[in-house]
Amino acid sequence: MPDKKRVDLTVPSAARMYDWLLGGSNNFEVDKAACELLLKAAPTTKALALNNRWFLERAVRALAEEYGIRQFIDFGSGLPTQNNVHQIAQAIDPSSRVCYVDNDPVVLGYGKSLLDENDRTGIIGSDMVDTEFIFEHPDFERLIDLEEPVAALFVSVLHCLPDDAKPDELVRRVIAKLRPGSFVVICHLVSDSSRLRGQVTDLMLELTHDNWGRVREKSDVHGYFEGLDVKEPGLIDVTDWRPDSELRQRQRSIEWTEYGGLAEIP
């Protein structure tokens, strides 16, 4: 069922923190303060957020231009910003359809106001693990034809899920509902440093009142792609995934990275 929680202005939200890191305005003082604490632990986190957003743009463009995908499901879509999934895809083909999924009440408020004028998009208020609710939702059925190829996007969201939410099983459930020739895009916060993984995970859990998951290892991300046809350049730091600008490529995060790629369902 959809998450009906109200906005608690005393607790930071991962979605609103991400918005602040990207230079957005859809956040509150509590989110800014949380980001400042996070930046003390991992000073290049702003670069990481930008690199991740640029990866999303490049991946959606590749899916639309190279693979002809016209249907997208954006799980944990976050707050609307510039170059959203529907804007990128519809610039290539105006008939492209996008279903956004998020349970943050601020995301839902801004998202619905933004998307009301675009009948080829919709936003479903739901925890992304509730796949049955999502796939049976009227807006999903209006927008997404499961008889045709679909791209499922899990961009910088699976680390928001704790282990007991079983993010790997979420990915498997979604893949099982999509026809061959569909695609999956995943990137995830990882670090080779066990100290940093523990430090940042503990900080985010404290800041969000346990509404987060954990920083994981590259091997965890490889598990999400098991059985899929991973496209070039493979699973890597997404800063290096088909970069379209040398200037952007130089803006690197150091302490942790977004790791992942794009794969086809065989």
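Every read-out reported here was derived from the displayed coordinates using simple, explicitly stated rules and does not represent laboratory data. This one's a predicted model, so the numbers in the text were calculated from it and none came from an experiment. As a convention, Cβ positions derive from the backbone with ideal geometry for all residues, glycine included, and neighbour counts pool all protein chains shown.
If you stretched the chain out fully between residue 166 and residue 193, how much longer would it get, using 0.36 nm times the residue separation minus the C-alpha to C-alpha distance? Can you show the working numbers first?
Details: separation 27, 0.36 × 27 = 9.72 nm, distance 2.26 nm.
Between residue 166 and residue 193, full extension yields 7.5 nm more.
Using the Kirkwood radius built from alpha carbon pairs, what does the Stokes-Einstein equation give as D for the chain at 25 °C and 0.890 mPa s, in µm² per second? All intermediate terms of the calculation are to be shown ahead of the outcome.
On the way: Rh = 18.5 Å.
Value of D from the Cα-based Kirkwood radius: 133 µm²/s.
Arrange the following residues from fewest to most other Cβ atoms within 10 Å of their Cβ: 124, 236, 134.
On the way: 124 25, 236 16, 134 22.
Ascending Cβ contact count within 10 Å gives the list 236, 134, 124.
For the range 16-131, what's the relative contact order in percent, using C-alpha pairs closer than 8 Å and at least 6 residues apart? Please report the intermediate quantities before stating the final value.
Numbers: 151 pairs, mean separation 23.6, N = 116.
Relative contact order here is 20 percent.
Applying 1/(1 + (r/R0)^6) with R0 = 30 Å to the Cβ-Cβ distance of residue 240 and residue 133 gives a FRET efficiency near 0.25. Under the criterion of Cα pairs below 8 Å and six or more residues apart, the relative contact order for the range 14-264 equals 21 percent. For the range 8-30 versus the range 54-133, the inter-centroid distance based on Cα atoms is 20 Å. The three principal axes of the C-alpha atoms in the range 1-118 carry coordinate ranges of 42, 33, 23 Å, sorted with the longest axis first.
When the helices in the chain are scored as -39500 (n - 2.57) per DSSP H run of 4 or longer and the sum is shared across all residues, what 222 nm value do you end up with, to the nearest 500 deg cm²/dmol? Estimated from H runs of four or more residues: -12000 deg cm²/dmol.
For the range 70-154, the relative contact order works out to 38 percent when only alpha carbon pairs closer than 8 Å and six or more residues apart are counted.
Averaged over residues, the count of other Cβ atoms within 10 Å places the peptides 180-192, 149-161 in the sequence 149-161, 180-192, highest first. Over all directions, the projected convex hull of the C-alpha atoms in the range 123-266 averages 9.7 nm² in area. Think of the chain as a dipole: +1 on every Lys or Arg Cβ, -1 on every Asp or Glu Cβ, centred on the Cα centre; then among 131, 194, 156, 194 lies furthest on the positive end. In this simple spin-label model, placing a label point 7 Å from the Cα along the Cα-to-Cβ direction at both residue 217 and residue 33 gives a separation of 3.6 nm.
Taking a threshold of 29 Å on the Cα-Cα distance, which of the pairs 32/112; 112/231; 112/218; 40/231 fall above it?
On the way: 32/112 24 Å; 112/231 33 Å; 112/218 35 Å; 40/231 35 Å.
In this structure, 112/231; 112/218; 40/231 exceed 29 Å between Cα atoms.
Only helices reaching 24 angstrom along their own axis (Cα) with mean Kyte-Doolittle hydropathy no lower than -0.5 count here, and for the DSSP H runs of the chain these are 45-65.
Note on residue 92/residue 230: beta-carbon distance plugged into 1/(1 + (r/R0)^6) with R0 of 30 Å gives a FRET efficiency of 0.85.
Rounded to the nearest 20 Debye, what is the dipole magnitude of the chain about its Cα centre when Lys and Arg each give +1 and Asp and Glu each give -1 at the C-beta? Each step should come with its number before you reach the end.
Numbers: 30 positive and 45 negative charges, 111 e Å.
Roughly 540 debye, rounded to the nearest 20.
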